[in-house]
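> Structure provided below as structure tokens; questions to follow.
Nothing in this text is a laboratory measurement; each read-out follows from the coordinates by a stated rule. Here the structure is a predicted model, which is why all the values come from computation and not from measurement. Positions of Cβ are backbone-derived with ideal geometry, glycine not excepted, and every protein chain shown enters the neighbour counts.
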Amino acid sequence: MVTAAEELGPVPDLWKRRHLLALEDLSAEEISLIFDKAEVFKRAMAAGQRKIPVVTGKTCVNLFFENSTRTRNSFSLAARRLGADTVDFSASTSSLSKGETFIDTAKNIEAMGIDLVVVRHHTPGAPQLLAQNLNCGVINAGDGPHEHPTQGLLDILTIRQRCGRVAGLTVALVGDIAHSRTARSNIWGLKKLGAHVIVCGPSTLVSPRWAELGVEYSYSLDDILPRVDVLNLLRIQFERQTTRPFPSVREYAHLYAMDRQRLAKTKPDILILAPGPINRGVEVTPDVADGPHSAILEQVTNGVAVRMAVLWLILGERAPVK
Ligand code: NCD
């Protein structure tokens, strides 16, 4: 039997990156490489292989300045399943509250001897700043409303697995497009792989300027429903908004919540995604979230596999130079 480590082989030459900062930076080939390797990890885990020790001895730090359930645990699990050690940093209990700067905090943690930082921060560009100032690898786990590359990757991998392809599909991102890093990462990744993207939501959260990124925009979910293959339902990011973008959550749900009536207007094999956390009854009703079209929990499973692939590509053994 071929083990997952044998199936992986050395890190391919195509991968030259020390950091994963944004899907905007990646080529279609690099994205497909991550997906192919994530599938190796997913298969191995489904077959009961809990440890695939291909980055043993490396240390990863989770540097999270914003709350997280899925992303943080998923990165920790991914690193441990690869045999790496993990350290969890929590901003609220750190010396930041004593006045230490972001860069000083990160440099001090790096000085303890680590190989990779997974960072989530409310300021766009914070991971790029760390990549310029530290000597270790950096992965962006969400920088304010800018990008969340591994979320984009796990969403698109789920589409590839469920639909058998990405090119030629019409994917609608619905909700708070203005403040969603998931939206930006999805747009870059989906466009590179040849999908048609529609951003949809209230006009206060969807600017016509999104068309400059080569996407279509719409204010009416009901209008676009019959022609979409995939719906990615994004949470309203109240914590990033300075003014209320609509009169009430009830009105938003009336126009944009994916419910049974709307499901009846879609293609019969519609795929429904949501990055989580979902607010039941706001962007999606429980019957749809838990129904057969939803791949919400599959996204979480794919998240671990995608993060294992990215960690391995950055930290794994390369073929010896001949
Ligand atoms: C997303 C995030 O943090 O940007 N969640 C996640 O990573 N699973 C989306 C969100 O918070 O709505």
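> Which one of THR266, GLY276, TYR252 is farthest out on the positive end of the charge dipole of the range 244-297, using unit charges on Cβ (Lys, Arg +1; Asp, Glu -1) and the Cα centre as origin?
TYR252
> Then there's this: Sort the following peptides by mean Cβ neighbour count (other Cβ atoms within 10 Å, averaged over residues), highest first: 166-179, 140-153. Don't skip to the end; give the middle numbers.
Details: 166-179: 21.4, 140-153: 25.5.
Descending mean neighbour count gives 140-153, 166-179.
> Over the range 149-299, what is the mean sequence separation of C-alpha contacts under 8 Å (at least six apart), divided by residue count, expressed as relative contact order in percent? Write out the running numbers ahead of the final one.
Values: 269 pairs, mean separation 36.7, N = 151.
After rounding, I find 24 percent.
> Is the C-alpha gyration tensor of the range 35-174 telling us rounded, prolate or oblate? Criteria: a/c under 1.5 is rounded; beyond that, a/b larger than b/c is prolate, otherwise oblate. Show your work: numbers first, answer last.
Working: a/c = 2.40, a/b = 1.42, b/c = 1.69.
Since a/c reaches 1.5 but b/c is at least a/b, the shape of the range 35-174 is classed as oblate.
> With springs only between Cα atoms under 10 Å apart, run a GNM on the chain and tell me which of LYS191, LYS267, LYS42 wobbles the most.
In this elastic network of the chain, the residue with the biggest mean-square fluctuation among LYS191, LYS267, LYS42 is LYS267.
> Arranged by the count of other C-beta atoms within 10 angstrom, fewest first, what order do TRP188, TRP312 take? Please list the in-between numbers first.
Details: TRP188 22, TRP312 25.
Ascending number of Cβ neighbours within 10 Å: TRP188, TRP312.
> Looking at TRP188, VAL306, SER218, which one has the Cα that reaches farthest to the positive end of the dipole of the chain (charges on Cβ: Lys, Arg +1; Asp, Glu -1)?
Value: VAL306.
> Using modelled amide H (1.01 Å from N, peptide plane; none on Pro or chain starts), what sits under 5 Å from the amide H of TYR217, excluding residues fewer than 5 places away?
Placed amide hydrogens put VAL199 under 5 Å from TYR217.
> Further question: Just to be sure I understand: if I project the alpha-carbon convex hull of the chain onto a plane and average over all orientations, what area do I get in nm²?
Numbers: hull surface 70.4 nm².
One quarter of the hull surface, i.e. the mean projection, equals 17.6 nm².
> Please report, in debye to the nearest 20, how large the charge dipole of the range 109-261 is about its Cα centre when each Lys and Arg carries +1 at its beta carbon and each Asp and Glu carries -1 there.
Working: 15 positive and 14 negative charges, 43 e Å.
The calculation lands at about 200 debye.
> Among CYS136, CYS163, which comes first, second and so on when ranked by fewest other beta-carbon atoms within 10 Å?
The fewest-first ordering by Cβ neighbours comes to CYS163, CYS136.
> With runs of 4+ DSSP H residues as the only contributors, calculate the mean residue ellipticity of the chain at 222 nm using -39,500 (n - 2.57) per run, divided by the residue total and rounded to the nearest 500. Provide the component values of the computation, followed by the final result.
Values: 12 runs with 121 residues, N = 322.
Mean residue ellipticity, 222 nm, calculated: -11000 deg cm²/dmol.
> For PHE246, PHE64, PHE238, PHE41, which order do you get if you count the other beta carbons within 10 Å of each Cβ and list the fewest first?
Values: PHE246 17, PHE64 21, PHE238 12, PHE41 27.
The order, fewest Cβ neighbours first, is PHE238, PHE246, PHE64, PHE41.
> Then there's this: Between beta-carbons, use under 10 Å as the cut-off and find the net charge around HIS196, counting Lys and Arg +1, Asp and Glu -1.
0
> Which distance in nm do the two modelled labels at THR101 and GLU29 give, with both placed 7 Å along the Cα-to-Cβ direction?
Rounded to a tenth, the inter-label distance reads 3.9 nm.
> Between the range 61-119 and the range 197-247, what is the separation of their alpha carbon centroids in Å?
32
> Quick check for me: using +1 on Lys/Arg Cβ and -1 on Asp/Glu Cβ, what's the dipole size of the chain about its Cα centre, in debye to the nearest 20?
On the way: 37 positive and 34 negative charges, 71 e Å.
Computed about the Cα centre, the dipole is about 340 debye.
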